[in-house]
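Visitor: Shown below is the structure under consideration.
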Amino acid sequence: MTIKAYGAHAGNLPLEPIDIARRAPGAHDVKIDIAYCGVCHSDLHQVRAEWAGTRYPCVPGHEIVGRVSAVGAHVSGHQVGDLVGVGCIVDSCQHCDDCEDGLENYCDHMIGTYNAPTPDAPGHTLGGYSQQIVVHERYVLRVRHPEAQLAAVAPLLCAGITTYSPLRHWRVGPGHTVGVVGIGGLGHMGIKLAHAMGAHVVAFTTSESKREAARALGAHEVVVSRNADEMAAHAKRLDFILNTVAAPHDLDAFFTLLKRDGTMTLVGAPASPHPSPTVFNLIMKRRSLAGSMIGGIPETQEMLDFCAEHGIVADIEMIRADQINAAYERMLQGDVKYRFVIDCASLAG
Ligand code: NAP
Ligand code: ZN
């Protein structure tokens, strides 16, 4: 079956309409008519070959929501007509310790929603900037939000879980002061989720224009990180920092804001390394530097249910597929509050 998609044929070329094929659903597969797909900064890193190993044609998109249009004979958890989501993972080995623990995101054989090897044509996975997708039922999430919110649910499938998982792992909650660095797609979800978990949230932004907006998202305090005096006022105050910044920057400026035993977890994945942290900023207060990658399937379902229960969705700006190249430029300027979402109906032309 041939469907319409948007993708690129090389890292230095813009995205353009392309026709792609999807496999016929197998016994455990779910076929989804994609309604909306969020635009993650990872899509830009990958399609422009800023990370190693991009396969072309590259069709990005791993914040997928839509409706089930067919199910295989052995699918038990999803039915035609259900509202569902697909995030960054469409397959894994299903047997290793990580998969057994529901941490498919750390499986050595995790298959990403785009740019991962697959027997299907063209030999690598193609993502959600497309009309339909066929996915093994294990990796299909249930959406319990009202249908009217569906477009704003899409970014939860990556930005939501990537921030929820470390906030849970490092047990953020009442009594904690939490910094969220970089108020983009991930960061704005980090603020909303940390707030809902009961923490005192301090947002760090390089953009003066986001000062008031970050408060509206649920930040109790906002710091413009380019202002050294404002930064110094928060020294040794934070229990945990979630750093979502998509570019190399000075990590030391943030370590000094952590209390004794505090942790800064990096989720941002810049194309080139951060300047190395100063060891003394870590050893003097037994501070930790950590990383975290998306989240497993059970935790992604838990996050979606948590968001449905607390009325949490992303703040989005809807675009047509043919606006994607301009949207990437605006994302690089930090000019989106806070996530672009493609209306996949626009792919029909
Ligand atoms: P985004 O919407 O572009 O947001 C990134 C934010 O970082 C910007 O809004 C900006 O916030 C800040 N920023 C950008 N350039 C900066 C610079 N040069 N110096 C300081 N701050 C800067 O991107 P996103 O979609 O949230 O993704 C963020 C990063 O996370 C990307 O690298 C992406 O690939 C990565 N990611 C990782 C995972 C994972 O599993 N670990 C999952 C998804 C995405 P302010 O304007 O507030 O400063
Ligand atoms: Zn993503």
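Visitor: Using Cα-Cα distances under 8 Å and only pairs 6 or more residues apart, what relative contact order does the chain have, in percent?
Guide: Worked out over the chain, it gives 19 percent.
Visitor: Quick one: which residues, 5+ away or cross-chain, put their amide H under 5 Å from the amide H of MET318? H built at 1.01 Å from N.
Guide: Under 5 Å from the amide H of MET318 lie the amide H atoms of VAL341, each far enough along the sequence or on another chain.
Visitor: Determine the relative contact order of the range 93-227: mean sequence separation of Cα pairs under 8 Å and six or more apart, normalised by residue count, in whole percent. Kindly include the intermediate steps, with their values, before the conclusion.
Guide: Values: 158 pairs, mean separation 18.2, N = 135.
So the answer I get is 14 percent.
Visitor: Ok, one more. Distance between the C-alpha centers of the range 4-68 and the range 137-186? Whole Å please.
Guide: 21
Visitor: Considering only MET189, MET293, MET284, give the residue with the highest GNM mean-square fluctuation for the chain, with springs between Cα atoms whenever their separation is below 10 Å.
Guide: MET284
Visitor: Given R₀ = 51 Å, what would the calculated FRET efficiency be for ASP261 paired with THR118, taking r from the Cβ atoms and rounding to 0.05?
Guide: Once rounded, the FRET efficiency stands at 0.75.
Visitor: At a probe size of 1.4 Å, how large is the accessible area of ASP108, to the nearest 10 Å²?
Guide: 140
Visitor: Across the range 114-122, in residue order, what do the Karplus-derived ³J(HN,Hα) couplings come to in whole Hz, using 6.51 cos²θ - 1.76 cosθ + 1.60 with θ = phi - 60° and x for Gly and Pro?
Guide: Values per residue, Gly and Pro as x: 9, 6, 10, x, 8, x, 6, 5, x Hz.
Visitor: Between ALA70 and ASP322, take the C-beta separation as r, use R0 = 35 Å, and let me know the FRET efficiency to the nearest 0.05.
Guide: In this case the efficiency is close to 0.80.
Visitor: Please give me, ordered by residue number, the trypsin sites (Lys or Arg not before Pro) of the range 94-203 that lie in loop per DSSP and have at most 14 other Cβ atoms within 10 Å.
Guide: ARG144, ARG171
Visitor: What are the ³J(HN,Hα) values, in whole Hz, obtained from phi via the Karplus relation 6.51 cos²θ - 1.76 cosθ + 1.60 with θ = phi - 60°, for each residue of the range 22-32 in sequence order, with x given for Gly and Pro?
Guide: With the stated coefficients, the range 22-32 comes to 10, 5, 5, x, x, 4, 9, 9, 10, 9, 10 Hz.
Visitor: Picking from HIS220, HIS62, HIS249, which is most flexible by a Gaussian network model of the chain using Cα springs under 10 Å?
Guide: Fluctuation is largest for HIS249.
Visitor: Please tell me the relative contact order of the range 1-148 in percent, rounded to the nearest whole number, where contacts are Cα pairs under 8 Å and at least six residues apart.
Guide: Across the range 1-148, relative contact order equals 29 percent.
Visitor: Given labels modelled 7 Å from the Cα in the Cβ direction, how far is it in nm from HIS310 to THR206?
Guide: Modelled inter-label distance: 2.8 nm.
Visitor: Rounded, prolate or oblate: which fits the range 13-111, taking a ≥ b ≥ c as square roots of the Cα gyration tensor eigenvalues, rounded meaning a/c under 1.5, else prolate when a/b beats b/c?
Guide: oblate
Visitor: Between ARG286 and ALA27, what is the label-point separation in nm under the 7 Å Cα-to-beta-carbon projection?
Guide: 5.4
The values are calculated or read from the model by the stated rules, or taken from the named source; none is laboratory data. Given the structure is predicted, the values throughout are model-derived calculations rather than measurements. Every residue, glycine among them, receives a Cβ derived from its backbone with ideal geometry; neighbour counts consider all protein chains shown. Note: accessible area is taken over every heavy atom of the protein model, side chains too, but ligands, DNA and RNA are not part of it. Shrake-Rupley method; radii C 1.70, N 1.55, O 1.52, S 1.80 Å.
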